[in-house]
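See below for the structure under consideration.
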Amino acid sequence: MQWIVLAVIISYLIGSIPTAYLFGKIFKGVDIRNFGSGNVGATNALRVFGKRAGAIVLLLDIIKGILPVVFLADYVLLRSAAFSADALRFIIGLVCICGHNWTVFLKFKGGKGVATSLGVLIGLSLKIYIFAKILGIVILVWLVSFLIARIVSFSSLLAAIAFPAAVFFFKLSLPMQIFSLLACVFIILRHRTNLVRLFQGKEPRLRFKKS
């Protein structure tokens, strides 16, 4: 059991690494929270720092989700059988997302969890075959909605809803259903202000620097 507790703590800390904040501080000498939307996520990094920086932050946030679900879970499973493999990956994945959304390093004010959730889903798809299909559906929903609306938050919310919808469509297990619903709820909660602007027709379309 101690291995699982340790894995949860490590997963939270990995998720808590504020990549956009660190990128701004190290390479730009600024606090990203003072610019754009003030969010410490990949989308704001894209708007504030440009394409290259946004892509780097996005990639790092995705990797944050993959590492615990794949490698940390495998390490624990070799040493403890207290949880099933799938259940352990779900728990570790959710904790990692929580770390990104509510990071201990920035007074529990983090990003919105989309990129890290995608990383968790990628990690799960590498270990659980059916999740590869779920991943494809989620990405397709995001891409199609973004190409139509050009609004990141709108696409992210639709993709988040598509996740549990696909899980229920394929009639996956109860733990998978619970995991998908919680992941969806986390993203919706972190997009509360975006939802208000979407309903008001004031949510901005994506614009960013070229460099």
Residues located in region 178-211, provided they are more than 17 Å from N44 (Cα to Cα), assigned to a helix (DSSP H, G or I) and not aliphatic (A, V, I, L, M): F179, S180, C184, F186, F199, Q200
Positions within region 68-90 being closer than 22 Å to C184 by Cα and surrounded by fewer than 19 Cβ atoms within 10 Å (Cβ to Cβ), in sequence order: A85, D86, A87
Checking I134, I148, I56, I92 in turn, the sole residue that is of a type outside the set (D, E), assigned to a helix (DSSP H, G or I) and in contact (Cβ under 8 Å) with a residue 60 or more places away in the chain turns out to be I92
Residue that is surrounded by the fewest Cβ atoms within 10 Å (Cβ to Cβ) [pool: residues in region 160-177 that are touching a residue at least 40 places away in the same chain (Cβ under 8 Å) and part of a helix (DSSP H, G or I)]: P175
When the residues of region 134-161 are filtered to those that are modelled with pLDDT of 95 or more and hydroxyl-bearing (S, T, Y), which remaining residue is farthest from V95 (Cα to Cα)? S145
Out of (1) outside any helix (DSSP H, G or I); (2) within 26 Å of L158 (Cα to Cα); (3) more than 13 Å from the chain's Cα centre (by Cα); (4) not basic (K, R), the odd one out for G110 is which? (3)
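This table checks each residue for (1) within 12 Å of F179 (Cα to Cα); (2) of a type in the set (S, T, N, Q).
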site	(1), (2)
D86	yes, no
F90	yes, no
V95	yes, no
G113	no, no
T116	no, yes
For region 113-133, what are the residues that are buried (at least 24 other Cβ atoms within 10 Å of the Cβ) and modelled with pLDDT under 95? G113, F131
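The values are calculated or read from the model by the stated rules, or taken from the named source; none is laboratory data. Remember, it's a predicted structure, so these values are computed and weren't measured experimentally. Positions of Cβ are backbone-derived with ideal geometry, glycine not excepted, and every protein chain shown enters the neighbour counts.
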